[in-house]
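All remarks here apply to the structure that follows.
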Amino acid sequence: MSATQALHRGAMSIMHPPIHDVPTLLVVDDDQAIRTLLTQSLERHGYRVETASTSQEMDVALARHPVSLVLLDIMMPGEDGLSACRRIAGRGGPPIIFLSALGDEPDRIIGLEIGASYYLSKPCSAREILATVRAALRARDTQTAEPRHYRFLDWRVDFGARELIDGSGTLVDLTDGEFAVLRAFVRRPRRVLSRDALLEDARGADSEAYDRAIDVQVSRLRRKLRARDDQIIRTIRNEGYFFVPAVTRA
């Protein structure tokens, strides 16, 4: 089944009344048929939808008015979706859902590592896309409502600026993946978190089998926190990880 056929079948199978005060979604894909089907499907559910066929058009749309969520293809003429995602995430832009024909595990991991919140492989149904859009918007709303600044030991975390600062005031460089895992720990300290729980908190419920990716992120995060052994992040055998220090709102 092609990507457009999957979207069309899903769009015909789910109909709900429009919801109020919905955000604006931006669909970025060089395939006009996919842009049209996505727009029709999402608008049926009350969403406002803008479209772009290139990253340049995407930039124009983002500058024109507030966008709450971007659905982004990877293989596009000119700047590809990976580069565009890195730019958006780097400046604290709206959450991104990759919608790409590149569906192998390395492709998905790379997409999530550079800042996407979710990654869907074409072909996928309108139902799956709609569910992912709703999950991404719920996650965004939760992050917006929660406190911005937290402290543990001599460290300070700024969720809004996506910063980790040590006791001397030095900014510690974290990748998007490392910061996402740290945020999951800070939200739920002193509890055993399974790899699945960390994946859901840090990446979203669509992440499937990236246990090794979580292990790598935790290992890197330990080094940047300058923690020996299990001083800050403790490994609980066959269960997951435990964030040792108490966390307070700054």
Handout entry: Tally, over region 80-94, of residues that are part of a helix (DSSP H, G or I) and either closer than 12 Å to D176 by Cβ or open to solvent by less than 30 Å² (accessible area, probe 1.4 Å) (or both)
Key = 7
Exercise for the section: For E208, state whether it is open to solvent by 50 Å² or more (accessible area, probe 1.4 Å), part of a helix (DSSP H, G or I), acidic (D, E) and modelled with pLDDT under 85. Expected result: no
Completion exercise
Apart from one, (1) of a type in the set (A, V, I, L, M, F, W, C); (2) in contact with a Pro (Cβ under 9 Å, 6 or more places away or on another chain); (3) over 17 Å from L137 (Cα atoms); (4) modelled with pLDDT of 95 or more all hold for A6; the odd one out is (4)
Exercise for the section: State which residue pairs qualify: first residue within 17 Å of L72 (Cα to Cα) and part of a helix (DSSP H, G or I) and inside region 130-141, second residue open to solvent by less than 60 Å² (accessible area, probe 1.4 Å) and of a type in the set (D, E) in any location, beta carbons under 9 Å apart, and separation of 6 or more residues or different chains. Expected result: A131/D206; T132/D206; A135/D206
Handout entry: Selection from region 95-107 of residues that are assigned to a loop (DSSP other than H, G, I, E, B) and either in contact with a Phe, Trp or Tyr (Cβ under 6 Å, 6 or more places away or on another chain) or surrounded by fewer than 20 Cβ atoms within 10 Å (Cβ to Cβ) (or both)
Key = A101, L102, G103, D104
Practice task
Kindly indicate whether V192 is modelled with pLDDT of 85 or more, farther than 30 Å from L130 by Cβ and crowded, with 16+ Cβ neighbours inside 10 Å.
Solution key: no
Completion exercise
Checking P77, P66, P123 in turn, the sole residue that is closer than 27 Å to L174 by Cβ, assigned to a loop (DSSP other than H, G, I, E, B) and open to solvent by 40 Å² or more (accessible area, probe 1.4 Å) turns out to be P66
Handout entry: Test set (1) modelled with pLDDT of 85 or more; (2) assigned to a loop (DSSP other than H, G, I, E, B); (3) open to solvent by 50 Å² or more (accessible area, probe 1.4 Å) - I110 fails condition number
Key = (2)
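The values are calculated or read from the model by the stated rules, or taken from the named source; none is laboratory data. All of these numbers come straight from a predicted model, not from anything done at the bench. Note that we place each Cβ from the backbone using ideal geometry, even for glycine, and neighbour counts take in every protein chain shown. Quick note on the areas: whole protein, heavy atoms, side chains included, nothing else; ligands and nucleic acids left out. Shrake-Rupley method; radii C 1.70, N 1.55, O 1.52, S 1.80 Å.
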